[in-house]
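Where a number appears in this text, it was derived from the coordinates with a stated rule and is not lab data. Source: prediction; values computed, not measured. Cβ: placed from backbone, ideal geometry, glycine included. Neighbour counts: every protein chain shown.
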């Protein structure tokens, strides 16, 4: 038998060990191929419909950066997994050394094994990507709001790029991993991982520090959004505190908590708790880094996908501009009635119910935006809010014109009780009798005040205003369905330089632009998130089967003193549940806090998209847990490894 054949057979004889490594590698190849499929798609080479050149260029850079990100993470994960496989194969290498395997041959064998896995992974990943390429293009077209869809094409460039990049990656992995092989004494190789381990211990103070760091990170996150301290150092500190606290939670706090349970003698000696808790303490100490990485990677994946799904929600667009259609008329606009009648006719003909309002604004010399009371009440009636009153010209109402101002008004932050109005001969100090938090005029650009009609009419127009502009606004409940009406109106009321009128971009078209601008971001976040989650699951698989030989020997010995299969099943279920779901639970807690904080910045619910992501990945994890438990129990009960 040739040396190459030995390396080839080693891979297939150790398929139980290499299956997680292979599947994760093939999955990374498939995701990378998906990005390349989109990157080289003929319909995505120019600008997306309704998307600016800047956004189009940024999206392409995002695809390229995501490919680099997947390459880097794939390299780090595969290097870590190969290093773990080599530790598990110490006995096997020791036996080969007895038969004359030299250190140089060890390096060569490991190099060739990784090349074999790499070639098979590349072929499998590209093949699966090709099989699902049509479905990927359909889903991508939906995410990018491309009405005519993305045509199928045979992606030769994508195949070539993926094969070349991952062949390079596996060559690097093979080179690095072959140099991870350490020449040990033969006796040490044969002992493998059977050396006795010291009893796991944890620091009480580091355990307390873990809780304090996580609590501080969460508290700072709410401070970040509630006080609107949108500064990078604050955000970095939130992440640093949460990540560091998570590491100490798994390496110290969890071990300390298990130790505290062991101190409760009545509980510790009840049934099989003595075995369960003792083994769980060792698992937590040995796998703390793995659990930490799984929790952090999963949290990043959940949060990234959840936030990008929020960015596509129509509520985000409506939050900054509630009106489906806006028409602005300057003095001398002779087509005003024609255009307004056209808007109403199109909405009526299409079967949409709507509410209309109008208002004018003026600007003062000291930088205020003012609106007359009758116009403001017209807007309030449009939204169904109660109208407001002012008793004299010395009184005014403060109103917000942005969502941030709206939140400040609701929380009564920094609102004045008096305000000066300077315009021409008018020099008045008005008393702010009320701060109304309703956002009904969102296109004024700054906070505004409402004054009596009489005082408003006394204010002169400021230089540069060119006459008073009248805004006519239309509120449509089901505005996301008004795309066809919006297109017709844009064609009928075109934007003309110097025209005494303008028709603002309809809300539904703004939303479609937003969907396209965020579509590639969503694709990137979902695919990268899936890769991260897959790597996290592979870490668990790797750690589970790293200890399988030791666990078999341990439970076989315990079975001799009366441990039943039912009791073994209970112990294994508890331990595996702890391994699979505690890191996931920590990730869900981190992500939930992030969503709760995000909810403070938006008016609509952000939990719908987040909940769908949580449930989807939890169900996948449950299925993965059940399969892993079934296979693990088979290996434990049968008393032999699969060959």
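How would you order 168-175, 301-308 from highest to lowest mean count of nearby Cβ atoms within 10 Å?
Listed from highest to lowest mean packing, they are 301-308, 168-175.
Rounded to the nearest 0.05, what FRET efficiency is calculated for residue 483 and residue 260 with R0 set to 51 Å and r the Cβ-Cβ distance?
E between residue 483 and residue 260, to the nearest 0.05, is 0.25.
Go through 130-136, 252-258, 361-367 and give me the packing order, highest mean Cβ count within 10 Å leading.
So the order, starting with the most tightly packed, is 252-258, 361-367, 130-136.
Show me the three semi-axes of the equivalent ellipsoid for the range 354-470, from the C-alpha gyration tensor (sqrt of 5 times each eigenvalue), largest first, rounded to whole Å.
Computed over the range 354-470, the values are 20, 17, 14 Å.
May I ask you to order 529-541, 114-126 by the average number of other C-beta atoms within 10 Å around their residues, highest value first?
Per-residue mean Cβ counts within 10 Å order the peptides as 529-541, 114-126.
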